[in-house]
Each structure stands twice: as C-alpha cells, then as structure tokens.
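Following: one structure in structure tokens, then a few remarks.
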Amino acid sequence: MSNDFRTGPVEAIRHELEALRAQWWWFLLLGILLIVAGTIAISYSVLATVMAVAFIGVLLVMAGGAQLVAAFWAGNWSGFLLSVLAAILHLVVGAMLIARPIVAGEALTLLVGSFFLVGGLFRMIAALALRVHHFGWLLLNGAVTALLGLLVLGEWPGSSLWVIGTLIGVDLIVHGWVWVMLAFGLRGLPARG
C-alpha cells in the first residue's frame, strides 16, 4: 500500500510533465513575447512610465467607483461613511494619476527610490547582524539595491521619466527569459518510454 502511495504522485507528475513537454513551444512563444514587450518598454521608457501611471489611475478610479456603488447598495450600515470616504479617496487619487501622469510618476519614482535605498540598507544591516551562511550575498544584494536607490534619488526628478518604464521593461525581459528557459527545459525532457 505504501508503495502505491509513493509511485502514484510520481506517475502523476511524470504524466503532467509529459503533457507540458508536448506544449513546450507555447512557453517559448510566451517568453519571446515578454522579451519583446520588455525591450519595447525599455526603448520607450517615458511612454511606458506614463502608461503605467495612467493604468494605475484607471484601476483606482474603477475601484473607487465600485466601492462607492457597493456602499450605497448596502444601505444603512455602520461602515457606510468610512466606505464612502475610501471610495472618494480612490476616485480622487486615480483621477490625479490620470490627469497628471508625469507629476504622479515623479512622486512614484521618489517613493521607489526611497524604498530601494532604505530596503538595501536594511538588508546590509541584517546581513552584518545575522551573519548567516554566505551572508556576503545578502550584503551584496543590499549594497546593489541601496546604490540603485541612490542612483534613482540622485537623478530625481529627471529619473522619473525613465525609471518606472525601465523597471517594468527589465521585469518583463527577466520573466521572458524564465519562460524561454522553462520551454527549453521541457523540450529537453526525455520522452516517456
């Protein structure tokens, strides 16, 4: 009985991998599309930044509208006023992001730069304080993140035109390469015999 328990999940995993292996090219196509999209985002980082900020604004407006409708739909309840105020906040902030995406991009870039700087410093302090196995990698990670924060903040507000779009592009390219490598890994699996 324990033998069936051990081989059952293994066989299920093998069957799933075989099904994925047959469709490896879909993962490759997805990876290539993400790499192309990331390259476009980096090439047009200002446009990507403006579009990303405006998209966040649209999401906030939609969320605020839905929350406002839900608050009135629910009728009299103790959280009505708080829900309406939160909805108004979503609507106002979303409208501001849509109306002034470059100014909003400046604010978001300042926030991102500060986050990188403080997060990097905390990682460096944690690496030095904890001295975990191979703490040097954590220290290096913190140093690179803090330096990235200094770069963004040192060039601010000019960096706000390219930072968000560039970060989105880099993220898309890295995700694309992950999917490409997964596709080739699946393709290289031996056929079930």
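The values are calculated or read from the model by the stated rules, or taken from the named source; none is laboratory data. None of these values were measured; they are calculated from a predicted model. Ideal geometry is used to build each Cβ from the backbone, glycine not excepted, and the neighbour counts take in all protein chains shown.
Please state which of the following conditions residue 185 fails to meet, knowing it meets all the rest: (1) at pLDDT 90 or above; (2) out of contact with any helix residue (DSSP H, G or I) (no Cβ under 6 Å at 6 or more places or on another chain); (3) of a type outside the set (Ser, Thr, Tyr).
Just one mismatch for residue 185, condition (1).
So how many residues does segment 38-89 have that are within 21 Å of residue 162 (Cα to Cα) and part of a helix (DSSP H, G or I)?
Result for segment 38-89: 20.
Being within 28 Å of the chain's Cα centre (by Cα), under 30 Å from residue 158 (Cβ atoms) and surrounded by 13 or more Cβ atoms within 10 Å (Cβ to Cβ) is the requirement here; does residue 41 meet it?
Taking the combined requirement at face value, the residue satisfies it.
What are the residue pairs meeting all of these: first residue in segment 127-140, first residue farther than 19 Å from residue 117 by Cβ, second residue assigned to a helix (DSSP H, G or I), Cβ atoms under 9 Å, and 6 or more apart or on different chains?
Listed by first residue and then by second, the contacts come to 130/138; 132/126; 132/138; 135/126; 135/127; 135/128; 136/127; 137/127.
Can you tell me which condition residue 70 does not meet? The list is (1) loosely packed, with under 13 Cβ neighbours inside 10 Å; (2) within 20 Å of residue 96 (Cβ to Cβ), and all the others hold.
(2)
Please note which helices (runs of 4 or more DSSP H) are completely contained in segment 101-189 and include at least 1 residues that are touching a Phe, Trp or Tyr at 6+ places or on another chain (Cβ under 9 Å) and farther than 29 Å from residue 36 by Cβ.
Here the list reads 101-130, 135-154.
So, of the residues in segment 1-57 that are modelled with pLDDT of 95 or more and among the hydroxyl-bearing types (Ser, Thr, Tyr), which turns out to be farthest from residue 189 (Cα to Cα)?
Going through the qualifying residues, I end up with 44.
How many of the residues in segment 23-37 are part of a helix (DSSP H, G or I) and more than 13 Å from residue 174 (Cα to Cα)?
The total comes to 6.
Take residue 57 and tell me if it is of a type outside the set (A, V, I, L, M, F, W, C) and under 24 Å from the mean Cα position of the chain (by Cα).
In short, yes.
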